[in-house]
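Novice: Sending over a structure as structure tokens; questions will come in a sec.
No lab work stands behind these numbers, since they all come straight from the coordinates. Just so we're clear, the structure is a prediction, and the values are computed from it rather than from any experiment. As a convention, Cβ positions derive from the backbone with ideal geometry for all residues, glycine included, and neighbour counts pool all protein chains shown.
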Amino acid sequence: MKTTRVLFIATSHEKMGDTDETTGVWLEELASPYYIFRDAGATLTIASPAGGPIPLDPKSRSIILATYNTKRFLKDVQAMEFLSHSLLLEEINPDDFDVIFIPGGHGPMWDLADNKKLKQILEKFNHENKPIGAVCHGVVGFLSLQNEAGGSWVKDKKLTCFSNREEELSGLTSVVPFLLETRLVSLGAIYSRGEDYVGYVVEDGNIITGQNPASSKAVAQKIVALVTQNKLAQKLEPVSN
């Protein structure tokens, strides 16, 4: 993936609804893809609606839920610097990037569900068939997209996201503004899910989605494979006279 430019689009929202709890990005959903893309030689950039530091869901930093990559990330000065200086989403030019990755956590449910700039970026990316990956609640960024006929873009798309069952098990069904699985299905998406909290990935052309934090590594790996495949295909295209 050398010279491939990856744009992470993360939440700036850190308040969990009307509760006193805080939220943000779920660290595993950013950390694993970060290392997979970086180790593959990609150039990484991160943007958010408010710019600046990206809030981390405190629960995702806990020792109980720690993974190899979250522990590695928190001790990595370069990685933490990356997280602390996101660009303002409004200033992003989609032509400057080859891949988009949207990590979840509950924050996106409030500031990425109907973000006009995100809509513009994703629709342009999709029109150009560039790879887009989203995990867990990051899939909420697809809700406002429209197809060329002006209808819902998610209609007939094969997608997954944090399931209603997982939301219920998390005790947050009445806290989130809506249930993402329910909303996708209501818009006509071909939704599917795996077991609770177990990695599950769905591919539909250039769109790769993961159900939960455990899916983030596989989504990033599939994006790397897709980029490699696309570059190989370009090399093999016959040159016109």
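Novice: Q146 to L87: FRET efficiency via 1/(1 + (r/R0)^6), r the Cβ-Cβ distance, R0 25 Å, to the nearest 0.05?
Specialist: It comes to 0.50.
Novice: Indicate the gyration tensor shape class of the stretch 1-70 (rounded, prolate or oblate), computed on the Cα atoms with a ≥ b ≥ c the square roots of the eigenvalues: a/c under 1.5 is rounded; otherwise a/b larger than b/c is prolate and the rest oblate.
Specialist: Oblate, because a/c is 1.5 or more while a/b does not exceed b/c.
Novice: What order, most packed first, do the peptides 203-211, 61-69 have when packing is the mean number of other Cβ atoms within 10 Å of each residue?
Specialist: Peptide ranking by packing, descending: 203-211, 61-69.
Novice: Going 7 Å from the Cα of D95 in the Cα-to-Cβ direction, what parts of the stretch 41-58 have a backbone nitrogen less than 13 Å from that spot?
Specialist: Under cut-off, by backbone N: nothing.
Novice: R0 = 51 Å: FRET efficiency of I63 with K158, Cβ-based, nearest 0.05?
Specialist: 0.90
Novice: Compute the FRET efficiency between N230 and R165 as 1/(1 + (r/R0)^6), taking r as their Cβ-Cβ distance and R0 = 35 Å, and round to the nearest 0.05.
Specialist: It comes out at approximately 0.50.
Novice: Counting other Cβ atoms within 10 Å of each Cβ, which trypsin sites (Lys or Arg not before Pro) in the stretch 71-103 have at most 15 and sit in a DSSP loop?
Specialist: Answer by residue number: K75.
Novice: Something else now. Classify the stretch 31-171 from the C-alpha gyration tensor, please: rounded if a/c falls under 1.5, else prolate or oblate depending on whether a/b exceeds b/c.
Specialist: Oblate is the answer for the stretch 31-171, as a/c is 1.5 or above yet b/c matches or exceeds a/b.
Novice: Which helices, taking whole DSSP H runs in the chain, have alpha carbons extending 27 angstrom or more along the helix axis plus mean Kyte-Doolittle at least 0.0?
Specialist: 216-236
Novice: Determine, for each peptide in 90-96, 186-192, the mean count of other beta carbons within 10 angstrom over its residues, then list the peptides with the highest first.
Specialist: 186-192, 90-96
Novice: Turning to a different aspect of this structure: Checking the a/c ratio against 1.5 first, then a/b against b/c, what shape does the Cα gyration tensor give for the stretch 120-241?
Specialist: Verdict is oblate for the stretch 120-241.
Novice: Here is a further query. Can you show me the helix-derived [θ] at 222 nm for the chain, built from DSSP H runs with n ≥ 4 at -39,500 (n - 2.57) apiece and divided by the number of residues, rounded to the nearest 500.
Specialist: So the helix-based figure for the chain works out to -9500 deg cm²/dmol.
Novice: Computed on alpha carbon atoms, what radius of gyration and Dmax characterise the chain, expressed in Å?
Specialist: Calculated on Cα positions, Rg and Dmax stand at 17.0, 66 Å.
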